[in-house]
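Participant: Could you have a look at this structure, given as structure tokens, before my questions?
The values are calculated or read from the model by the stated rules, or taken from the named source; none is laboratory data. Remember, it's a predicted structure, so these values are computed and weren't measured experimentally. Cβ sites come from the backbone with ideal geometry, for glycine too, and all protein chains shown count toward neighbours. Note: areas computed on protein heavy atoms with side chains; ligands, DNA, RNA excluded. Shrake-Rupley method; radii C 1.70, N 1.55, O 1.52, S 1.80 Å.
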Amino acid sequence: MYDYDEQNVFAKILRGEIPNKTVLETEHSLAFEDIAPQAPAHVLVITKGSYVNYDHFAATASDAEIVDFTRAIGEVCRKTAVSEEQGGSGYRLISNAGPAGVQEVPHLHVHVLGGRVLGRILEKAD
Ligand code: AMP
């Protein structure tokens, strides 16, 4: 059972209650700059639909939403010029979920990170 919190910060952004620096808006997705960037390019792509995380979205979203979100992420890679197709040097996509994923905001989002060498994917476990 996926329990969506309507008061999370990204729900507030979607309702226009909190400002954002929009990079891209489509029918079902919104992309904006991360408020605390971890790399020269750090954009968050979120669904307009109320999904807690990726598995919630994949299990219950419409095909139209899934296509829109997938294409929006790719378009952000090109718009931020991290795509090698645009002369960039590559990027990393991250979608954190739950406590183990250290998810801070319980609304599905994909981080698009690039503009520097990002290091290995995970820290070593203790
Ligand atoms: P996560 O740990 O994957 O849930 O990451 C949530 C991300 O949201 C973090 O990178 C935060 O810096 C970012 N964030 C939190 N509040 C805002 C906001 N108002 N506008 C833009 N990004 C935000």
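Participant: Using a simple spin-label model with points 7 Å from Cα along the Cα→Cβ vector, what separation in nm is obtained for Glu85 and Ala64?
Facilitator: Result for the modelled spin labels: 2.4 nm.
Participant: Here's another thing I want to ask about it. What is the projected area of the convex hull of the Cα atoms of the stretch 16-87, averaged over all directions, in nm²?
Facilitator: Computed as one quarter of the Cα hull surface, the answer is 5.5 nm².
Participant: Using amide H atoms built in the peptide plane, which far-off residues or other-chain residues are under 5 Å from Asp34 H to H?
Facilitator: HN-HN under 5 Å from Asp34: His42, Val43, Leu44.
Participant: Still on this structure: Modelling each spin label as a point 7 Å along the Cα-to-Cβ direction, I'd like the Val117/Glu27 distance in nm, to one decimal.
Facilitator: Placing both labels 7 Å along Cα→Cβ, they lie 4.3 nm apart.
Participant: Let me ask something additional. Top to bottom by accessible area (1.4 Å), largest first, where do Glu104, Glu84 land? Walk me through the numbers on the way to the answer.
Facilitator: Working: Glu104 170, Glu84 145 Å².
Largest accessible area first, the residues go Glu104, Glu84.
Participant: Another question about this same structure. Once you keep just the Cα pairs under 8 angstrom separated by 6 or more residues, what percentage relative contact order results for the chain?
Facilitator: Details: 199 pairs, mean separation 36.1, N = 126.
Relative contact order here is 29 percent.
Participant: Return one whole number: the accessible area per residue of the chain in Å², for a 1.4 Å probe. Working shown, then result.
Facilitator: Numbers: 7940 Å² over 126 residues.
Accessible surface, normalised per residue, equals 63 Å².
Participant: Further, regarding this structure: Give me the net charge for the shell around Val52: Cβ to Cβ below 11 angstrom, other residues only, Lys and Arg +1, Asp and Glu -1. Before the final figure, lay out the partial values.
Facilitator: On the way: positive: none; negative: Asp3, Asp5, Asp55.
Neighbour charge sum, excluding Val52 itself: -3.
Participant: Just the ratio, please: alpha-carbon radius of gyration of the chain over 2.2 N^0.38 Å, N its number of residues. Before the final figure, lay out the partial values.
Facilitator: Details: Rg = 14.5 Å, N = 126, 2.2 N^0.38 = 13.8 Å.
The chain yields a ratio of 1.05.
Participant: As a test question: what accessible area, to the nearest 10 Å², does His109 have when a 1.4 Å probe is rolled over all protein chains in place?
Facilitator: 10 Å²
Participant: Cross-link partners among aspartates and glutamates for Lys79, C-alpha distance below 18 Å, same-chain residues fewer than 8 apart left out?
Facilitator: Glu25, Glu27, Glu33, Asp34, Asp68
Participant: Mind jotting down the distance between the C-alpha centroids of the stretch 7-42 and the stretch 82-108, whole Å?
Facilitator: Between the Cα centre of the stretch 82-108 and that of the stretch 7-42, the gap is 13 Å.
Participant: Still on this structure: Ignoring ligands, DNA and RNA, what percent of the 1.4 Å accessible area of the stretch 63-119 is carbon and sulfur?
Facilitator: Working: 1640 of 3260 Å².
So the carbon and sulfur contribution to the accessible surface is 50 percent.
Participant: For the stretch 49-59, just list the computed ³J(HN,Hα) in residue order, Karplus coefficients 6.51, -1.76 and 1.60, θ = phi - 60°, integers in Hz, with x standing in for Gly and Pro.
Facilitator: My calculation for the stretch 49-59 gives x, 8, 10, 6, 7, 5, 5, 4, 4, 4, 7 Hz in order.
Participant: Which stretch or stretches of the stretch 92-125 have amide N atoms under 11 Å from the point lying 7 Å from Ala36's Cα along the Cα→Cβ direction?
Facilitator: 104-105
Participant: Restricting to DSSP H runs of at least four residues, report the calculated mean residue ellipticity at 222 nm for the chain, -39500 (n - 2.57) per run over all residues, nearest 500 deg cm²/dmol. Intermediate values should be presented prior to the final figure.
Facilitator: Working: 3 runs with 30 residues, N = 126.
So the calculated ellipticity at 222 nm is -7000 deg cm²/dmol.
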